[in-house]
Amino acid sequence: ENLMEGIERNLLTKNRDRFTQNLSAFRREVNDSMKNSTYGVNSNDMMS
């Protein structure tokens, strides 16, 4: 997704909160992606 989705270019609390929510979702997606790729590498190493 896009970090700036639904965000206006101002410092209103509503926009800061929405950006924080978008950033948290992005962070979760990256962490999940890293976990999945790490598990894939580890299982391949075990097969060698």
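Things to note:
- Contacts under 7 angstrom Cβ, first residue in segment 1-22 being free of Cβ contacts under 8 Å to residues at least 12 places away in the same chain, partner surrounded by 11 or more Cβ atoms within 10 Å (Cβ to Cβ) and not in a loop (DSSP other than H, G, I, E, B), 6 or more apart: Glu8/Asn15
- Candidate set from segment 17-27 (those that are of a type in the set (D, E, K, R) and under 13 Å from Leu3 (Cβ atoms)); member that is surrounded by the fewest Cβ atoms within 10 Å (Cβ to Cβ): Arg27
Read-outs throughout are calculated quantities, based only on the coordinates presented, and are distinct from any laboratory measurement. What you see is a predicted model; the values in this text were computed from it and never measured. Please note: Cβ atoms are built from the backbone with ideal geometry, for glycine as well, and neighbour counts cover all protein chains shown.
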